[in-house]
Each structure stands twice: as C-alpha cells, then as structure tokens.
Amino acid sequence: AVEARFVEDDSYLASQRLGSVAQPAPGAAQLEMSTPTPVKVGETAHLSAKLTVNGTPLTGHDVSFKIAGVEVGTATTDATGVASLDRKIDEGPAGTWSVEATFSGGGGYGATSDADALSVLRAPSAVVVPSLDARVGVPVTLRATLSRTTDAKALAGKSVSFLVDGLAVGSAMTGADGVAELAFTTYFMTVGAHPVVARFTEDDSYLASEGSSSLTLAAAKQALEMWVGPRTVYVGENVVYRATLKLTGTSQFVLGKTIAFYLDGRLIGTGITGGTQGFAEVSEVLPEDTLSGSHTIRAEFVEDADYLGVTGTATLTAKKAPTYVWVGNRNAVPGQIVQFRSNVKNEFTKALLLGKTLNSKVGTWLVWSAITAGTSGYAEANLQLPEGMPAGDYVITSTFDGDQSYEPSTSNGTLTVSRAAVSLWIGNRSGRAGQSVQYRATIQNSTSKTYLSGKVLRVKMGTTVIGTATSGADGYITINSVIPSNTPVGTQTLTVEFDGDAAYKPGTASGTLTVNP
C-alpha cells in the first residue's frame, strides 16, 4: 500500500489518501553463447555466454554449462554479463561436441539457455623407444612409451606394433604408464646395430606416430664345460674339493673364474680356477657325524660378462671313521661309590665324540651305559662296588657299538679293589660270677657304613675266648655265656675280633665286663 499526505498550511487543511503500485512483469532475459575455439584432446576448452535484458548486461547471476549433455560446472556473470568456464577435454573421441549454457532465472528474470558446438580434434601422439644392448642369443624386452603431446599424458590401453630390421615382430598394449613391452629373442641374429621401430596407428582420439632406436648386439657369451672331482674320505678327514672350467668342445682351461662348492646344499666355500691344471679348490674337514655313504658335491659358476653360467656335480663317498675308546683306571674298596669314566674319539682327528652311548662293565659285578658329554667327552657313571667284592684287579670294559658315521671300538681299564677296613663294636656288660650274660657285638664296613653279614666274630674276656658267632643280616652277633665262678669282683676287658677275609681287613674292638660282688 502507498499513503499520500498533505500537511496543512496557511491556506489549506491537511489531507491523506491510501493507494497501491502495480509490480512490473519479469524481464525477458537473453543468454547467448560464444562459439568455442576448437581444441585437441588433452587441451582446455573455453566456454562463455553473455546474459542480458534488452541489451543490458545482467551481473552476478549463475550460468551452468554442459558438454555433450553432461554438466561440467557453473560460473557467475561479470560486469559485462559474461560467465566463463574452462574445461579440459581429457578423453576423446574427436568430433563435434554439443555445448549448452543455461540461466535458471531469478531476481525477477526468467530462465533462458543457448547451445553451440565444440570442435574436438585428434591430439598428436609421440612414441619414445629406448635403445637396447644385449648379446646374441639373450632374450630382450622391446619397450615403447606412448603419450599425447598436448599435455604429455601417458596413453593406456593402446596397441603398439614393433619392427626390428624392418620386419614386424609383434605388438603389445600399453599399460597405465603408457609403456608397451614385447619379449623378443635374439637367437640367429648378427652382431651389430639393428633398427627398432615402434608404431601407433591413429584412432578416434589420437593421430598416428612412431619412434625408433637401435638394438645393439654383441657376440654371444661363450658356453663352458665343468668337471668336478669325486672324493672318498673318512668322516673327520680333510678333503679337497676340485673343479675346472673349459670352453665347450675344447681342452682350453678358463682361468681366473670363481667357483662355489656345495656339499648336499651346504656352502663349503669358493675357489678360483688357476694353475696348469685349471683347478679351483676349496678344502674342509668333513664334519664329525657326517653320515657314511654317498653325498652330492655341486660346483657352480655364475654367469658373468663373458661366459654363461654352468654347474657340475660329483659324488663324495663318506666312510665310517675308526674310533678309539679310552677307559679310566680306578682304585676302590668294596662298598665304595666309584665314578667310572670313559670316552670315545675319532681316531683320525682325535676329536671327542659327544652324544655317543658307551656300554661298560666290570666282569659280572657291574654293568652300565652312559652317554658322552661335556668338554672332556666323558661317559660317566657313579656306581657302588658290591659288599664282599674280593680284593684284586678287575677289567673295566667299555664298548662303543658304532653308528652311521663311526666304526665300533672297545677298550679296557683296570679297577683295583683293595680290602676295606672294618669297624667293630662290643657292648659293655655286668653281672656276678656264675651268672649268665648275653654278649653283643657288630661289624660294619668303615667306608660304606654298611653292617656286614656272614662274618665270624670272636669274643674274649681278657685272653680267654668266650665264644664265636657269625654276624646276621643286621651285622650283629649274640653269645650267651656264664661268668666263670672264680672271676674276681671288678672290671674285665672284653674284646671282639675279626680275622679279615678276601674283601675286608682284620679288626678289633674293646668293651668292659663289670663283675659285681
């Protein structure tokens, strides 16, 4: 609504009146596209359109653009009514592409649009071919890189054909990096430079192109023959491995070349061919515990700048090594705990053999088995000599039964058994003359403290023998005897005596008999 007022003056009274103003109809906007300049695939197209009303530019309005029916962006009109948008044509095909500009209306202006055509041209392409150097007979890979010149972008998924010496040899597709690769064999080709051409045939987006370089071939590497010497050695023995290289089909040694030697896949070392016999040599001591039998020697020469690689094999026959068993002599007495020791060595190397079982015995008295171990390689057993074992020299026999690496062997030592000392005891007693008294005494091994059975003990009062008895399982004897009637009151010396035997020394002990009134 519109209100009009008059303020009174010296002639007229005030007055007012309400009314309305009619809105004008929306303006008829016009949008006109400029014909885009032709572009090549990979170049940027410039799109522009001018928005006006009755010839007057409209400023600050959005105009959207489409290429080939796909919206590609929006631009705002400037002071001259022009909206501009740059868009890269990243893919083909070449041809006439529709372009369209649209103003959707607003600000009191109606929508409008305009269309035109964009001419998209094929882009030039470029092929780059690197040169190659190889030897006749060695397979090579022909390579070419395809790109477009408009922005140097690599072209993927394109077929590139290759020619060598003017002859087609095949084609390959470019990868994501624009590189096409083709495996090519150089067998039967000649030494020298050979032209290589890579060609790309034009398609709907790119013009044809080609690139060239050369494949330069040197003489083929020479083939070699290898001889490897067989060997027969004992386990633990030093062995020298030998091999030679000769030009194939000749007697000419190839010197100064490194050969690696392996035994059953284990690297032994390397040697260099030399000398009048062309030997490459490496030596080692055949490791202890190598199994007897056949083993594979493999010698290997790795291809170098002049010669092809070659390998050769031979057999190493490992023989069981003879062995020597050592047995330690021992001195002991019955009932004593003795540490028996023995070991076994490789007779060639004198190396102690560990983890080997030695079976040992002392006559029928003792039998045992032990395993060699430790820095001295001892098979040890702590055994107690039986009670009653007669004094004398006994043979300790220790035997190694052999295994897959070593021959068996047996050796002897001496166990010298001496008579053991004994400890006797007799109990003190008391009684009256004419009274019966029970006398008790014991005998034990002084070393083992074991009470001895079956030993004859003699009991005396002073110099008079009271009686004898044989010790039981507990080492005790018991004698019941009457104190003579003429024995004076007081103390009498009691004595127990053992005369000794084949295993034990003699012994004696004293006690007291108290004769009461």
For the chain, with the dipole built from +1 on Lys and Arg beta-carbon atoms and -1 on Asp and Glu ones, taken about the Cα centre, which of S283, F348, Q30 lies farthest toward the positive end? F348
Amide proton proximity set for G73, modelled H, under 5 Å, gap of 5+: F65
Want the number for A305 to N516: 0.36 nm per residue separation, take away the alpha-carbon distance, what's left? 64.1 nm
Electrostatic dipole magnitude of the stretch 422-516 [Cβ: Lys, Arg +1; Asp, Glu -1; Cα centre; debye, to 20]: 160
Over the Cα atoms, compute the radius of gyration (one decimal) and Dmax (the largest Cα-Cα distance, rounded to a whole number) for the stretch 29-121, in Å. 13.2, 41
Centre separation in Å (Cα based) which lies between the stretch 187-228 and the stretch 249-283: 35
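Let's see if you can work this out: charge +1 on each Lys and Arg Cβ, -1 on each Asp and Glu Cβ, no other charges. What is the dipole magnitude of the chain about its Cα centre, in debye to the nearest 20?
About 4640 debye.
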Report, in whole Å, the centroid distance computed from the Cα atoms of the stretch 111-156 and the stretch 336-378. 82
Once you charge only the Cβ atoms, +1 for Lys and Arg and -1 for Asp and Glu, what is the size of the charge dipole of the stretch 327-478 about its Cα centre, to the nearest 20 debye? 940
Note down the relative contact order for the chain as a percent, whole number, built from C-alpha pairs under 8 angstrom at least six residues apart. 8
Scalar couplings 3J(HN,Hα) for the stretch 136-153 by Karplus 6.51 cos²θ - 1.76 cosθ + 1.60 (θ = phi - 60°), nearest whole Hz, x for Gly and Pro, are 3, x, 8, x, 10, 10, 7, 10, 8, 10, 10, 9, 9, 7, 5, 9, 6, 6
For S398, S212, what's the fewest-to-most ordering of other Cβ within 10 Å of each Cβ? S212, S398
Quickly work out the T375-to-T315 label distance, labels modelled 7 Å from Cα along the C-beta direction, and quote it in nm with one decimal. 4.3
Under the Karplus curve 6.51 cos²θ - 1.76 cosθ + 1.60, θ = phi - 60°, whole-Hz ³J(HN,Hα) for the stretch 453-466, x wherever Gly or Pro sits: 9, x, 9, 7, 10, 10, 10, 10, 10, x, 9, 8, 6, 7
Residues with amide H under 5 Å of A433's amide H, sequence separation 5 or more or different chain, H placed in the peptide plane at 1.01 Å from N; which? N516
Return the subset of K319/K350; K455/K505; K66/K153 for which the Cα-Cα distance in this structure is over 21 Å, preserving the input order. K66/K153
What does the charge count near V129 come to, summing +1 for each Lys or Arg and -1 for each Asp or Glu among other residues with Cβ under 9 Å from its Cβ? 0
Pick out, from T150, T190, A318, the residue whose Cα sits farthest towards the positive end of the charge dipole of the chain, with +1 on the Cβ of Lys and Arg and -1 on the Cβ of Asp and Glu. A318
Simple SL model, points at 7 angstrom along Cα→Cβ for A68 and Q404; separation in nm is 7.3
Select from the stretch 449-516 those trypsin sites (Lys or Arg not before Pro) which occupy a DSSP coil region and have at most 15 other Cβ atoms within 10 Å, ordered by residue number. K449
Among (1) 88, 54, 41; (2) 189, 111, 30; (3) 142, 85, 41, only one was calculated for this model; which label is it, if the read-out is Cα extents along the principal axes in Å? (2)
Tabulate in residue order the Karplus-calculated ³J(HN,Hα) for the stretch 503-515, using 6.51 cos²θ - 1.76 cosθ + 1.60 with θ = phi - 60°, rounded to whole Hz; enter x for Gly and Pro. 10, 10, 6, x, x, 8, 8, 10, x, 10, 10, 9, 8
Quick one: which residues, 5+ away or cross-chain, put their amide H under 5 Å from the amide H of A351? H built at 1.01 Å from N. N346
Answer with one residue from A441, T495, A79: the one whose Cα lies farthest towards the positive end of the charge dipole of the chain, charges on Cβ with Lys, Arg +1 and Asp, Glu -1. T495
Tell me the relative contact order for the stretch 316-451 as a rounded percent, counting alpha carbon contacts under 8 Å between residues six or more apart. 27
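Read the figures in this text as sums done on the coordinates, not as results from a lab. None of these values were measured; they are calculated from a predicted model. Cβ: placed from backbone, ideal geometry, glycine included. Neighbour counts: every protein chain shown.
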